[in-house]
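The values are calculated or read from the model by the stated rules, or taken from the named source; none is laboratory data. Since the structure is predicted, the reported quantities are computational estimates derived from the model, not experimental observations. A quick note on method: Cβ atoms are made from the backbone with ideal geometry, for glycine too, and the neighbour counts reach across all protein chains shown. Quick note on the areas: whole protein, heavy atoms, side chains included, nothing else; ligands and nucleic acids left out. Shrake-Rupley method; radii C 1.70, N 1.55, O 1.52, S 1.80 Å.
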Amino acid sequence: MKLFVGLGNPGSKYAHNRHNIGFMAVDRIAEDHGFGPWKSKFQAEIAEGRLGSEKVLLVKPQTFMNRSGQSVGEAMRFYKLDSTDVTVFHDELDLAPGKVRVKAGGGHAGHNGLRSIHEHISPAYDRVRLGIGHPGRKEMVSPYVLGDFAKADADWLEDVLRGVADGAGYLADGDSGKFMNAVALRTAPPRSSKSPAKASKTASKPALEPEVDERSAMQKLLDKFR
């Protein structure tokens with residue numbers, strides 16, 4: 001069994017915040033893969049389902065971001081899992097918007113949700129880092145992550161969430177490479193062999209008028225047997 005944990009803050013006030021992209025990711029997985037209804041347990045909202053051959057519990061801690069580890073630790077101990085069975089989906093300031101990376105273990109880089117999970121289950125868990133970009137100055141970080149995504153972010157955000165859901169089965173099976181390929185097919189799809197420039201150039205070229213054959217009947221007959 002695997003725990004897929006999305007990080008965020010509970011309540012409608014925070015629902016569209018950049019800090020809540022982890023909640024958004026597991027919500028999309030639940031929706032696209034037919035998980036059961038969300039229930040309250042482990043100080044969290046949880047949903048059960050399968051991804052491929054693996055049973056997966058989706059977890060959205062309701063303890064607020066800074067105490068996320070309480071919920072994750074409780075769920076992990078209940079199912080007698082190891083920290084390596086846990087994958088956490090979270091916002092990442094150090095990645096550009098729309099970029100996604102998978103990481104095994106490591107530090108928390110000042111992320112309060114990860115810091116709390118470190119304290120409760122150890123740093124030895126997997127993370128899916130969902131890039132939201134950096135506001136540029138340290139003092140702007142808090143209002144930035146607790147601010148809603150802009151309308152201009154809608155397209156790339158949708159592509160990221162769809163890609164994460166597409167690749168979730170690979171992630172559950174431990175194949176991060178195939179997971180990243182699934183994400184890339186949504187966020188950076190391969191270009192057509194015919195470039196848009198060539199296509200538009202071809203489309204704009206006027207149709208040629210049929211040529212008029214001005215040869216005499218005798219000339220056509222002679223040309224035929226040459």
>> Based on Cα coordinates alone, diagonalise the gyration tensor for segment 35-168, multiply each eigenvalue by 5, take square roots, and list the semi-axes in whole Å, largest first.
In response: 25, 19, 14
> Percent of accessible area on segment 1-127 owned by carbon and sulfur, 1.4 Å probe?
Replying inline: 48 percent
> Placing +1 at every Lys and Arg Cβ and -1 at every Asp and Glu Cβ, with all other atoms neutral, what dipole size does segment 15-172 have around its Cα centre, in debye to the nearest 20?
Replying inline: 360 debye
>> I want the local charge near Asp91. Using Cβ-Cβ distances under 9 Å, sum +1 for each Lys or Arg and -1 for each Asp or Glu among the other residues.
In response: +1
> Using a 1.4 Å probe, what is the accessible area per residue for segment 108-166, in Å²?
Replying inline: 50 Å²
> What net charge do the residues around Asp159 carry, taking every other residue with its C-beta under 13 Å from that of Asp159, with Lys and Arg at +1 and Asp and Glu at -1?
Replying inline: 0
> By its C-alpha gyration tensor, with a ≥ b ≥ c as the square roots of the eigenvalues, how is segment 92-199 shaped: rounded for a/c under 1.5, else prolate for a/b larger than b/c, else oblate?
Replying inline: oblate
>> I'd like to check one number: the per residue accessible area of segment 35-102, probe 1.4 Å, reported in Å² as a whole number.
In response: 46 Å²
>> Using only the Cα atoms of segment 68-107, what semi-axes does the equivalent ellipsoid have when each is the square root of 5 times a gyration tensor eigenvalue? Give whole Å, largest first.
In response: 25, 11, 8
> How about segment 87-157: which trypsin sites (Lys or Arg not before Pro) there are in a DSSP loop, with at most 10 other Cβ atoms within 10 Å of their Cβ?
Replying inline: Arg137
>> Between segment 69-117 and segment 150-169, what is the separation of their alpha carbon centroids in Å?
In response: 19 Å
